[in-house]
Each structure stands twice: as C-alpha cells, then as structure tokens.
Amino acid sequence: MKATLLMALISCVLVLGSCGAGRAVNGSKAETPSPGTATVEGESAGGRSSEEPVAAKEPGTVLEFFELLTDEYFLLEGCDRSTDKGCRNARREYLKNFTEVMDIRNGYFKGGCDGAQACIEMTIFRRPNGRYLVAVATFQEMMNTFRFLDHSDGRWTEVGDRDVPEFGDDKWYELPRFGTTMNVYEKRVVERGDDYEITDRGRKLYQLIWKDGKFHKQGS
C-alpha cells in the first residue's frame, strides 16, 4: 500500500511540472512569439516588414483637403512662415475663429473672413475610383476666385479646364452643400480699376450635374 501511494505521488509531481509550458487560453494553446518577431495591430507576424515604406494616405474628407491647401489657393494672413511650418498653427486658429459650416458628412466647409483674410468655401465630389474633385471658392473685397483641383502624391493640379464644361474665370460657381448639382452664374463686374476688379454674382446661366465622376451641363 505504501509503495502504491509513493508511486502515485511521484506521478503527480511529474505531471504538475509539465503544466504552465503552454497555458490554454479560450480552449487553444497560447503561443510565445519567437525572438525577433513582432506583430502590428491589424497585421499578423510574418506580414509586411516594418522596414518597408508605407504609402502616404490620400485625404478623404473636406477638412483633410483644407489642411493641405497651399497659399496659391488659400492664403492664411496670420501665418508666420518662418516659425509656423505649413501654417499649421495659423490654420488651427482659422478653424477655431472663422468656421461657419463644417459638414464632414456632406463634404462641405465654409469659413469666414476679416480684413485682409479671405473667406473660403469648399465642396468635394467623389469619383468612382474613390478619389475626389475638390472645388474651392475664395472671396475678398476685390477678388472672387473659383478653382477645381485634384490632389495626388502631395501635389495639387488645377483641372477646371479638363473636368468642368465651359469653365472660365468669367463664371460664378455656387458650391453645393447638399446634393451634387452646381448652379453656374455669370460673374458680373461691379467696378474695375487699373489694378483691381470687384465682381459679384450675375444672372444664372446653367447647371452642372455630377454623374459618373464627371460634370454634365444642363440648361442653356
């Protein structure tokens, strides 16, 4: 009897000594990663190497496009370019103080103005390939401009002549907040001097309908 109990105790010790080498978690054995391997959230070990370059993410909201606008398309007067790289602080202040409408869902933004600072209005139109046509309108006391832009690989390209039927600086484009129909008016000159021109919206000319990634003219 004593010999039998002694053998049972020895067997139990041997079994317990093997426990803990691979703890069961939710019914499956937990594994210890091999030295030198790492996992990234959303990726499994053995996937993309951390040393491989990651493609820059293209903007996908009207706010992200606004944050990338250059001086050529929207000048932030409060930006000290010697200390404020990319005018990030000035842009943040502009959004804080001048935002009138920020409608991310509908891809629309409208910002006010004060003194030398221009107002801005933006609408984005989604293409079938997932990219966007970005419409930007800026308004000042003596200057109203309308631009249609493409953004790719960190660069802006003006595409009004290519993507907007009968595009011209003599037109006034009413950027929509809701829907994808854009009314087009004549740009009426109110006053003209040697080095300036004050313009306003004139009579309605036609509509532009966004369909299948293109604008289609409707009306006379």
Flag for CYS79 being surrounded by 15 or more Cβ atoms within 10 Å (Cβ to Cβ), part of a loop (DSSP other than H, G, I, E, B) and at pLDDT below 95: yes
Within region 89-177, strands (runs of 3 or more DSSP E) holding 2 or more residues that are of a type in the set (D, E, K, R) and over 26 Å from VAL189 (Cβ atoms): 99-103
Single residue of region 177-220 satisfying the filter (out of contact with any Gly (no Cβ under 9 Å at 6 or more places or on another chain) and among the acidic types (Asp, Glu)) that is farthest from ARG126 (Cα to Cα): ASP194
Pick from region 89-107, criterion in contact with a strand residue (DSSP E or B) (Cβ under 7 Å, 6 or more places away or on another chain) and closer than 20 Å to ASP71 by Cα, ranking: surrounded by the most Cβ atoms within 10 Å (Cβ to Cβ): TYR94
Residue that is nearest to GLU67 (Cα to Cα) [pool: residues in region 114-131 that are among the aliphatic types (A, V, I, L, M) and free of Cβ contacts under 8 Å to residues at least 60 places away in the same chain]: ILE120
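The values are calculated or read from the model by the stated rules, or taken from the named source; none is laboratory data. Treat the numbers as computed from the prediction; the structure is a model and nothing was measured. Every residue, glycine as well, gets a Cβ built from its backbone with ideal geometry; the counts of neighbours run over all protein chains shown.
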